[in-house]
Amino acid sequence: MKNHLDSPPPWDNSQAEMPASTRRRFLQQATSAALLLGTMRRFRAVAAPPGNPVVPAVPITQSLLHGTGGSTPIPSSTLVSRTFSTPRQTTHYIECGPADGPLMIFLHGWPELSLMWRAQVDAFAADGWHCVAPDMRGYGGSSAPAANDAYTHEQIVADMAELHDHLGGKPAVWVGHDWGSVVAGALVAHEPRRSRGVVLISVPYFPNASALPTLVPLVDRTIYPADQYPDGQWDYYRYYNTHFKAAVADLDADKAASLASIFRSGDPASVGRPASNAMVTRQRGRFGTAHHAPPTRPDPALWPPADFDGLVRSFKAHGFRPACAWYLNDTANIAYARKAPNGGRLLQPVLFVNGDYDQMNSINGNRSGDPMRGACPDLTVTSLSGAHWLPLERKAELIQSIRMWLQTKKL
């Protein structure tokens, strides 16, 4: 697949990280060139297939997305909104790029929406990829079952497998962020034929499932002493399991303020300090005794205003319960992970994109990445100067990191 970069990247080494100064210089140069070319290319909308009408769940707007510091505009194409249904699930998704192009599927996490991928979908559609980003189960225009045990990894992987079949079933490059990274890893582990490669953003791969029993043993006890923080940064995860209704009620009390408070840019000064998520139980909730988010203005550098409005509308429709129910199925998820062939090893090329300021998931200076390193023999790791919301916070750099990896791996 030819892309905007004609010269080989300055890194081509499995499980290697390029020096920060080299990475920044290269990304600045490559991003400027790539985006300049991108503005001169036409985006093609994909016609709806027979019997599958376009049913928009949220407005698909024409807007300019900005890269780091809001300084690099990324042109927005026309995204096509579709709905696909089977007897077990309805999935809404957005689509862009040539229908005959290689398939790239973007999976969002908590508490996100397909529209969070707008910058990446636009960029890779311009490169010739057939890009698809679904609303995951419980989100947006997709089904939101009432039962908490409807949100197991096995059920959600089945949703994505059905969508993949609907799209023609060609091996795809799967790109996931947060819980979407977990689903992408699980899908490729259980059904490797569906994948040419996988990009995991922010959350590394855990072959025994991303669950409290697999996460807590890896907590960095230099930051989270066990007597003060028994679950480390995963205290909020424990709180979902012990006070689920209260946790959801606090988030639902002011949905727009909750979402605006969650989506904030990273702070380099936070590195090495306990995350606020480690103190949810002692504070009696994410927002303490107030039990609702403080008034917070959304950050337009992360979400374009129209897309953030769509995100808020989707949470007003479903509430936070379906999204938070993803945290309640550890036992089932671990059992499912243990059924994967080859011990859950991912034999395809894997790119992990780490956030340097991510207090929850960074693999820098701790053991959180060890299970992934052991399970992914063709692993490339790179880091970006951001926190957890890299697809929104570091739009242009993330695009270029993925482009370089695709070129290096000849995908």
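Among 297-305, 166-174, 100-108, how do they line up from the highest to the lowest mean number of other beta-carbon atoms within 10 Å?
My ranking of the peptides, most packed first, is 100-108, 166-174, 297-305.
Using alpha carbon centroids, what distance separates the stretch 319-375 and the stretch 160-203, in Å?
So the separation of the two Cα centres works out to 13 Å.
Students often check this: by mean Cβ neighbours within 10 Å, which of 135-147, 218-230, 257-269, 307-319 ranks highest, and how do the rest follow? Before the final figure, lay out each step's value.
Working: 135-147: 21.2, 218-230: 14.3, 257-269: 17.3, 307-319: 19.2.
Averaged packing, sorted descending, gives the order 135-147, 307-319, 257-269, 218-230.
Want the number for His291 to Asn366: 0.36 nm per residue separation, take away the alpha-carbon distance, what's left?
Length gained between His291 and Asn366: 23.7 nm.
Note the full-extension length gain between Arg284 and Ala317 as 0.36 nm times their separation in residues minus their Cα-Cα distance, in nm to one decimal.
Details: separation 33, 0.36 × 33 = 11.88 nm, distance 2.62 nm.
Computed gain between Arg284 and Ala317 is 9.3 nm.
Taking all protein chains in place and a 1.4 Å probe, what share, in percent, of the accessible surface of the stretch 188-255 do carbon and sulfur account for?
53
So which trypsin sites (Lys or Arg not before Pro) in the stretch 330-411 end up in coil per DSSP with only 10 or fewer other C-beta atoms within 10 Å?
Numbers: sites: Arg338, Lys339, Arg345, Arg367, Arg373, Arg394, Lys395, Arg403, Lys409, Lys410; in loops: Arg338, Lys339, Arg345, Arg367, Arg394, Lys409, Lys410.
Taking the stretch 330-411 and a limit of 10 other Cβ atoms within 10 Å, the loop trypsin sites (Lys or Arg not before Pro) found are Lys339, Lys410.
Tell me the per residue accessible area of the stretch 134-274 using a 1.4 Å probe; a whole number in Å² is fine.
33
Which peptide among 374-385, 196-207 comes first, and what is the full order, when sorted by highest mean count of other Cβ atoms within 10 Å?
196-207, 374-385
What's the FRET efficiency of Ala99 with Ser276 using the Cβ-Cβ distance as r and R₀ = 45 Å, to the nearest 0.05? Could you put the intermediate results ahead of the total?
Numbers: r = 44 Å, r/R0 = 0.98.
Efficiency for this residue pair is about 0.55.
Which value in Å does the Kirkwood hydrodynamic radius of the stretch 335-391 take, with 1/r averaged over all unlike C-alpha pairs and then inverted? Before the final figure, lay out the partial values.
Numbers: mean 1/r = 0.0800 Å⁻¹.
Mean inverse Cα-Cα distance, inverted, gives 12.5 Å.
Would you work out which of Asn208, Thr242, Val271 lies farthest towards the positive end of the dipole of the stretch 185-289? Charges go on Cβ: Lys and Arg +1, Asp and Glu -1.
My answer, from the dipole projection, is Asn208.
Just need the relative contact order of the stretch 214-280 here, percent rounded to a whole number, with Cα pairs under 8 Å and 6+ apart.
Dividing the mean separation by the residue count of the stretch 214-280 yields 44 percent.
Compute the label zone of Asp299 within the stretch 365-386: residues whose backbone N is under 13 Å from the point 7 Å along Cα-to-Cβ.
From the stretch 365-386, the list is 385-386.
Could you point to the residue in Ser314, Pro294, Thr331 farthest towards the positive end of the stretch 290-339's charge dipole, with +1 and -1 charges on the Cβ of Lys/Arg and Asp/Glu respectively?
Going by the charge dipole, the pick is Thr331.
The values are calculated or read from the model by the stated rules, or taken from the named source; none is laboratory data. Note that the structure is predicted; figures quoted are calculated from it, not measured. Please note: Cβ atoms are built from the backbone with ideal geometry, for glycine as well, and neighbour counts cover all protein chains shown. Just so you know, the surface numbers come from the protein's heavy atoms only, side chains and all, with ligands and any DNA or RNA stripped out. Shrake-Rupley method; radii C 1.70, N 1.55, O 1.52, S 1.80 Å.
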